[in-house]
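Quick notes on the structure that follows.
The values are calculated or read from the model by the stated rules, or taken from the named source; none is laboratory data. Remember, predicted model here, so these are calculated numbers, not experimental data. In this analysis, Cβ positions are derived from the backbone assuming ideal geometry, glycine residues included, and neighbour counts consider all displayed protein chains. Remember, those area values only see protein heavy atoms, side chains included, never the ligands or the DNA or RNA. Shrake-Rupley method; radii C 1.70, N 1.55, O 1.52, S 1.80 Å.
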There are 2 protein chains.
Amino acid sequence: MLSEFDLIKQYFVRGARAGAPRATLGIGDDCALLTPSPGMQMAISSDMLVEGRHFFAGADACMLGHKSLAVNLSDLAAMGAKPIAFTLALALPAADRDWLAGFSRGLFDLADQFDCELIGGDTTRGPLTICITIFGELAPGQALRRDRALAGDDVWISGTLGDARLALACLQGELVFHRATLEQAAPRMHMPAPRVALGRALACGGLAHAALDISDGLAGDLGHILAASNVGATLDADALPAGPALASQSRSLRRQFSAAGGDDYELCFTAAPRHRAAIVEAAAGCATLVTRVGVIEQAPGLRFVDADGRPLALSAAGFDHFASA
Amino acid sequence: MLSEFDLIKQYFVRGARAGAPRATLGIGDDCALLTPSPGMQMAISSDMLVEGRHFFAGADACMLGHKSLAVNLSDLAAMGAKPIAFTLALALPAADRDWLAGFSRGLFDLADQFDCELIGGDTTRGPLTICITIFGELAPGQALRRDRALAGDDVWISGTLGDARLALACLQGELVFHRATLEQAAPRMHMPAPRVALGRALACGGLAHAALDISDGLAGDLGHILAASNVGATLDADALPAGPALASQSRSLRRQFSAAGGDDYELCFTAAPRHRAAIVEAAAGCATLVTRVGVIEQAPGLRFVDADGRPLALSAAGFDHFASA
């Protein structure tokens with residue numbers, strides 16, 4: 001029988017890391033100790049993933065380890081913060097060695113990619129639930145907030161949208177696709193790539209006014225920027241960058257899943273038109289596609305138009321954990 | 001129907017607080033922003049509470065709000081850190097207004113007592129699970145760690161032990177007590193008082209070598225100090241300060257529940273004998289009882305003796321979430 005302490009020791013306490021240790025004191029005491037870099041602010045985010053809600057029962061443990069950390073890294077990316085460390089609280093139905101080995105491999109592979117150190121947490125028995133709190137740092141005044149969009153700003157999207165939603169529709173039997181389509185789309189749902197480098201480049205270069213990461217669908221999430229900034233926006237539904245699997249589907253499905261999909265973990269940001277060239281260059285430096293999809297306006301509300309500028313009626317509802325009871 | 005955003009806004013976003021805001025940017029963006037005090041270290045701890053594991057189904061929401069934060073404040077107390085802020089991730093089976101009102105009241109009453117600000121988090125639907133990550137600060141070198149106990153140190157306990165365990169035994173039908181005994185013991189289980197002031201006084205005064213908070217039973221938890229510090233200890237089982245309800249029970253039950261209870265959230269710390277008077281004075285300044293219960297020794301292992309110094313065989317097993325499948 002694997003005890004709580006053996007479990008932590010075997011799967012979550014690591015030997016020498018490639019990078020220098022970030023924590024002054026890591027796993028094993030009542031608290032971890034972090035020494036912040038002088039003059040830097042700390043960005044902090046917490047996400048909880050629940051089996052049957054955020055992932056299917058029986059989901060691959062390695063991909064789940066990746067995704068649990070990726071959604072938190074995506075929040076740091078959306079602020080423009082540099083990842084430093086994270087805590088992991090884990091409720092497990094049982095101490096299953098195969099599951100723990102897979103989960104910790106997926107988690108640490110991604111953590112190492114961003115030099116982000118596990119510094120503490122909690123393990124307990126319970127319905128499978130993963131709660132990560134992540135810490136990043138950034139210089140004062142650099143944070144990409146939601147409340148700084150200005151009328152006249154361009155609206156930009158990183159990467160592509162909708163393939164995670166397509167995979168979900170397929171796995172839930174909501175729509176039927178070719179097997180190859182699912183195989184193309186599924187990694188976007190299971191293994192999102194947080195846009196940390198792009199977020200850092202936008203923040204450090206002072207290139208963006210407002211930003212967030214798209215987790216509940218573009219329309220709903222952009223709505224948070226519009227509300228916080230007291231502005232509106234018009235987006236070109238046909239300019240939204242559909243993922244490779246979604247791109248081969250009908251126009252109506254492309255529009256719907258790009259505009260109100262979910263689980264995209266791309267950045268949506270607004271920026272002054274004079275920064276267009278610098279943004280394209282910064283994104284190229286991160287090997288990340290960026291697409292201009294619309295404009296911020298004084299008039300409140302979110303409007304969609306087609307490629308010819310004609311108004312479209314698209315549902316702007318984001319995903320709400322308490323609305324779909 | 002209460003949406004996720006309305007839920008957060010109504011129950012967890014607050015107006016003006018008594019103290020100055022701790023967060024540079026609080027609830028509502030991708031991350032919260034904290035500006036650390038210059039030169040200070042950050043102490044970070046995360047605890048997850050699961051219904052049916054850490055609390056009974058149907059537990060009073062207000063007491064649960066208190067306890068969820070109290071166990072985290074207790075971790076800061078055990079490091080000697082000053083509470084600053086916390087995040088809350090909450091999985092709820094439903095958005096129940098009465099539950100939310102009670103939970104947030106219990107949570108914020110305690111948060112205000114320690115001037116500790118809720119700066120962000122997550123809410124989702126799922127089996128009732130509460131994960132709080134807490135942030136404190138302290139000067140470099142002041143932290144009360146587990147690995148600094150020295151042979152010759154006194155072992156001290158704050159407050160009293162065992163009443164929470166007594167209440168649990170009663171509520172589980174493991175033992176039968178008078179109703180008055182349960183009424184006396186139950187608050188210790190439901191509303192623990194984190195020893196933040198005492199932890200601060202010990203850390204700031206340089207009075208203790210090692211410390212932790214007792215959550216899984218004294219014997220098991222002290223074992224972590226002994227292992228980390230590579231020392232042993234002998235404790236006087238009859239010197240352990242039993243709680244008022246436990247004090248009226250048999251000697252064998254007093255010994256058992258004081259030594260290996262659980263949910264005590266008292267501090268266990270080790271200190272040089274020359275600091276005895278200063279420790280008693282510091283504790284009096286915090287209106288907190290402290291009791292000397294034993295001594296740290298070179299010989300590894302934890303030994304119990306009775307008031308006459310005769311060896312006792314007491315189970316030293318702490319609570320393990322994965323041992324009792």
Among (1) at pLDDT below 95; (2) buried (at least 19 other Cβ atoms within 10 Å of the Cβ); (3) within 12 Å of chain B (Cβ to nearest Cβ), where does A:S74 come up short? (1)
Counting only residues that are at the interface with chain B (Cβ under 7 Å from one of its Cβ atoms) and open to solvent by less than 50 Å² (accessible area, probe 1.4 Å), the range A:38-53 contains a total of 9
State whether the residues of the range B:14-26 include one that is within 12 Å of another protein chain (Cβ to nearest Cβ) and open to solvent by less than 10 Å² (accessible area, probe 1.4 Å). no
Do we have any residue at all in the range B:56-71 that's among the aromatic types (F, W, Y) and either assigned by TED's automatic domain parsing to the domain that holds B:V196 or within 25 Å of A:G136 (Cα to Cα) (or both)? no
Take residues that are without any contact (Cβ under 8 Å) to a residue 60 or more places away in the chain and within 14 Å of another protein chain (Cβ to nearest Cβ) and tell me which of the helices (runs of 4 or more DSSP H) falling wholly in the range B:138-229 contain 1 or more. B:218-229
Take the residues in the range A:94-109 that are away from every other protein chain (no Cβ under 13 Å) and of a type in the set (D, E), then tell me which one is surrounded by the most Cβ atoms within 10 Å (Cβ to Cβ). A:D109
Restricted to the range B:116-137, and to residues that are in a loop (DSSP other than H, G, I, E, B) and at the interface with chain A (Cβ under 10 Å from one of its Cβ atoms), which residue is surrounded by the fewest Cβ atoms within 10 Å (Cβ to Cβ)? B:P127
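Conditions (1) open to solvent by less than 40 Å² (accessible area, probe 1.4 Å); (2) among the small types (G, A, S), marked per residue:
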| position | (1), (2) |
| --- | --- |
| B:R179 | no, no |
| B:A185 | yes, yes |
| B:R188 | no, no |
| B:P192 | yes, no |
| B:L198 | yes, no |
| B:A201 | yes, yes |
| B:G206 | no, yes |
| B:S215 | yes, yes |
Looking only at residues that are of a type in the set (G, A, S) and over 16 Å from A:A203 (Cα atoms) in the range A:278-306, which one is surrounded by the fewest Cβ atoms within 10 Å (Cβ to Cβ)? A:A287
Report yes if some residue within the range A:239-254 is polar (S, T, N, Q), surrounded by 22 or more Cβ atoms within 10 Å (Cβ to Cβ) and farther than 17 Å from A:T291 by Cα; otherwise report no. no
Among (1) within 25 Å of B:D147 (Cβ to Cβ); (2) out of contact with any strand residue (DSSP E or B) (no Cβ under 9 Å at 6 or more places or on another chain), there is one condition B:V290 misses while meeting the rest; what is its number? (2)
